[in-house]
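First comes the structure, then the notes that go with it.
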Amino acid sequence: MNNSVGNTARLMWAGLRALLVLTVICGVIYPLAVTGVAQALFNDKANGSEIKSGGKVVGSELIGQPYNLPKKDPNDAEEAAAPDLKWFQPRPSNGLGTNSVNTQYSLILSGATNRSGDNGAVDGRCPTDPNDAEDGTLCKWVVEAKAAVVKDNSVPGYEVKPSDVPADAVTSSGSGLDPDISPEYAKLQIHRVAEKNHLSVAQVDKLVADNTNGRILGFMGEPTVNVLKLNIALKALTGK
């Protein structure tokens with residue numbers, strides 16, 4: 001009986017020592033080492049790829065954000081936010097909506113629309129008239145978004161055609177938080193941004209060109225424009 005108790009005690013002590021050693025190595029030393037390497041070699045990425053303007057953090061290079069006019073009634077959850085057309089607009093955000101579980105925090109939940117590519121299509125095609133599209137379908141959202149893009153970006157002397165609207169102007173990314181748009185969508189907005197900010201088209205066109213990122217390593221992916229960085233450059237140009 002004594003030998004059994006002694007063996008059990010020794011096993012428990014060995015297990016406790018292993019637990020303490022692994023806790024120190026895996027729970028303290030390893031996280032500190034990884035954090036130290038990340039801060040030393042990848043400081044910007046490790047801290048969230050923050051973007052600063054005027055000495056203040058205004059967002060992340062990895063997360064998109066809206067550029068909307070203030071609501072007439074901030075407490076009206078049903079009021080649709082209107083885009084502030086002085087700024088370049090990002091991709092649509094069709095996330096899951098606001099947090100309704102833990103109301104202590106004001107969180108925005110992201111996510112995809114979970115609609116198939118032909119959702120709401122008739123004979124394989126989406127209707128061109130928003131009134132002909134079925135409510136709640138991807139086609140309805142896309143057709144309405146395209147009509148809004150055409151309307152918002154058509155200015156005197158420059159008319160946007162529906163065929164000019166790129167896909168990323170009317171569809172969200174999988175996360176709904178894509179920070180980038182295509183150069184085509186950025187260029188489509190140039191005339192509107194120039195007019196709203198009393199700038200020349202050439203000035204805004206150069207702004208887009210200067211903020212266009214090429215393919216990774218020259219051959220992977222597609223060229224992109226980070227909307228937050230572009231709007232920061234626009235703010236600097238206009239002095240607003």
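For region 209-236, which residues satisfy the criterion of being part of a helix (DSSP H, G or I), under 19 Å from K52 (Cα atoms) and free of Cβ contacts under 8 Å to residues at least 40 places away in the same chain?
D210, A233, A236
Provide a single number: the residues in region 216-240 that are of a type in the set (K, R) and in contact with a strand residue (DSSP E or B) (Cβ under 9 Å, 6 or more places away or on another chain).
So the count comes out to 2.
Any residue in region 65-79 that is under 24 Å from N231 (Cα atoms) and assigned to a loop (DSSP other than H, G, I, E, B) sitting within a Cβ distance under 9 Å of a residue that is at pLDDT 80 or above and β-branched (V, I, T)? List the pairs, counting only those 6 or more apart or interchain.
Q65/V58; Q65/V227; Y67/V227
Here's the yes/no breakdown for (1) in contact with a helix residue (DSSP H, G or I) (Cβ under 8 Å, 6 or more places away or on another chain); (2) of a type outside the set (V, I, T); (3) modelled with pLDDT under 95; (4) buried (at least 17 other Cβ atoms within 10 Å of the Cβ):
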position	(1), (2), (3), (4)
R125	no, yes, yes, no
N153	yes, yes, no, yes
G157	yes, yes, yes, no
L207	yes, yes, no, yes
E222	no, yes, yes, no
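Between a first residue in region 38-64 that is touching a residue at least 40 places away in the same chain (Cβ under 8 Å) and at negative phi and a second residue that is assigned to a loop (DSSP other than H, G, I, E, B) and among the polar types (S, T, N, Q), which pairs have beta carbons less than 6 Å apart while being 6 or more apart in sequence or on different chains?
Correct list of pairs: S60/S49; E61/S49; L62/S49.
The values are calculated or read from the model by the stated rules, or taken from the named source; none is laboratory data. Treat the numbers as computed from the prediction; the structure is a model and nothing was measured. We place every Cβ from the backbone using ideal geometry, glycine too, and count neighbours over all the protein chains shown.
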